[in-house]
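Scroll down for the structure; my scribbles are underneath it.
Only the coordinates and a few stated rules stand behind these numbers; no lab work does. This structure is a prediction, so every number in the text was calculated from the model and none was measured. Please note: Cβ atoms are built from the backbone with ideal geometry, for glycine as well, and neighbour counts cover all protein chains shown.
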Amino acid sequence: MTRRFDPAPLDPAEVHALLDLARRAPSAGYSQGVHFLALSGEALARFWRTTGADEWFAEVQGGVLQAPVVVLPLADPVAYTSRYSEGDKAGHGLEIAANWEVPFWLTDAAMATQNLLLLAQDRGLGALYFGIFRNARAALDELGVPSHVLQVGAVALGHRAADDAPSGSARTRPRRDSIDVIHHDTW
């Protein structure tokens, strides 16, 4: 994950191409309820201010604020409940969001976000997935996102700064051994 970005802008066509590929992640029932909202310029500045992430990153990882684009992966539960009320999917009670033990709108959005992170890496770009912990709904409302659509975090996107170096938990916590997390036939 990149924590220091070069502020040079990204080509909007390149951002669109990345998002177009990333959205091709699996989609439960082909519901296609994942959206991406790419923020730059004044929209990005408003996002930073509204969420308070500008203050937090300025104190902890100031280089993140140099990212020229932040992408908000969004999940539309209604796309899934509507799709699962159609004839070929009906009968499981999944036309009601509360009945989904695993809300696939979040799963699908996570897979599309992973695609975006991998594509950024493949294209030589830097990316950082981070959570939105304050005023997320206020920021979405300000950006015109329908009230039923959910955020699943954010991805800062841009060129890595020349002095970007690995940091964060991956540097201070060891990766768990495979024997502790891979199970065969039983736990």
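Step through the residues of segment 124-140 one at a time and calculate ³J(HN,Hα) from phi using the Karplus curve (6.51 cos²θ - 1.76 cosθ + 1.60, θ = phi - 60°), rounding each to whole Hz and writing x for Gly and Pro.
After applying 6.51 cos²θ - 1.76 cosθ + 1.60, I find x, 9, x, 8, 9, 7, 8, x, 9, 9, 9, 6, 4, 5, 4, 5, 4 Hz.
Apply the Karplus curve 6.51 cos²θ - 1.76 cosθ + 1.60, θ = phi - 60°, to the phi angles in segment 64-78 and return the couplings in whole Hz, x for Gly and Pro.
5, 5, 7, 4, x, 9, 10, 9, 9, x, 10, 10, 10, x, 5
How many angstrom lie between the Cα centre of segment 1-71 and the Cα centre of segment 93-156?
So the two Cα centres are separated by 11 Å.
What FRET efficiency, computed as 1/(1 + (r/R0)^6) with R0 = 45 Å and r the Cβ-Cβ distance, is obtained for residue 82 and residue 56, rounded to the nearest 0.05?
Rounded to the nearest 0.05, the efficiency is 0.80.
In percent, how large is the relative contact order of segment 98-187, given Cα pairs closer than 8 Å and 6 or more residues apart?
Value for segment 98-187: 28 percent.
Report the residue, chosen from 36, 47, 57, that carries the largest GNM mean-square fluctuation when the chain is represented by alpha-carbon nodes joined by springs under 10 Å.
Residue with maximal mean-square fluctuation among 36, 47, 57: 57.
Report the residue, chosen from 11, 122, 88, that carries the largest GNM mean-square fluctuation when the chain is represented by alpha-carbon nodes joined by springs under 10 Å.
Its mean-square fluctuation being the largest, the pick is 88.
Tilt of helix 12-22 relative to the longest C-alpha principal axis of the chain, in degrees (0 to 90, nearest 10)?
Relative to the chain, helix 12-22 is tipped by roughly 40 degrees.
Per residue of the chain, what 222 nm ellipticity follows from adding -39500 (n - 2.57) for every DSSP H run with n ≥ 4, rounded to the nearest 500?
Taking each H run of at least 4 residues, the total per residue is -10500 deg cm²/dmol.
Between helix 41-51 and the chain, what is the angle of the helix's C-alpha long axis to the longest principal axis, kept within 0 to 90° and rounded to the nearest 10?
Rounded to the nearest ten degrees, it is 70.
Could you compute the FRET efficiency for residue 101 and residue 30, with r as their C-beta to C-beta distance and R0 at 25 Å, rounded to 0.05?
Step by step, r from the Cβ atoms, then E = 0.80.
With the contact rule set at Cα under 8 Å and sequence spacing of 6 or more, what percent relative contact order holds for the chain? Let's see the in-between values first.
On the way: 291 pairs, mean separation 65.1, N = 187.
Computed value for the chain: 35 percent relative contact order.
For every other residue with a beta carbon closer than 10 angstrom to the beta carbon of residue 150, add +1 if it is Lys or Arg and -1 if Asp or Glu, then tell me the sum.
Overall, the nearby charge balance is 0.
With r defined as the distance between the Cβ atoms of residue 148 and residue 182 and R0 fixed at 35 Å, what FRET efficiency is calculated, to the nearest 0.05?
On the way: r = 38 Å, r/R0 = 1.07.
Once the sixth-power term is evaluated, E becomes 0.40.
Using the basic label-point model (7 angstrom from Cα toward the beta carbon), what is the residue 43 to residue 11 distance in nanometres?
2.0
Tell me which of 39, 13, 74 sits at the most positive position along the dipole axis of segment 1-78, charges placed on C-beta atoms (Lys, Arg +1; Asp, Glu -1).
The residue sitting most towards the positive pole is 74.
If I build a Gaussian network model for the chain, linking alpha-carbon pairs within less than 10 angstrom, which residue out of 105, 56, 48 has the largest mean-square fluctuation?
Highest fluctuation among the options: 56.
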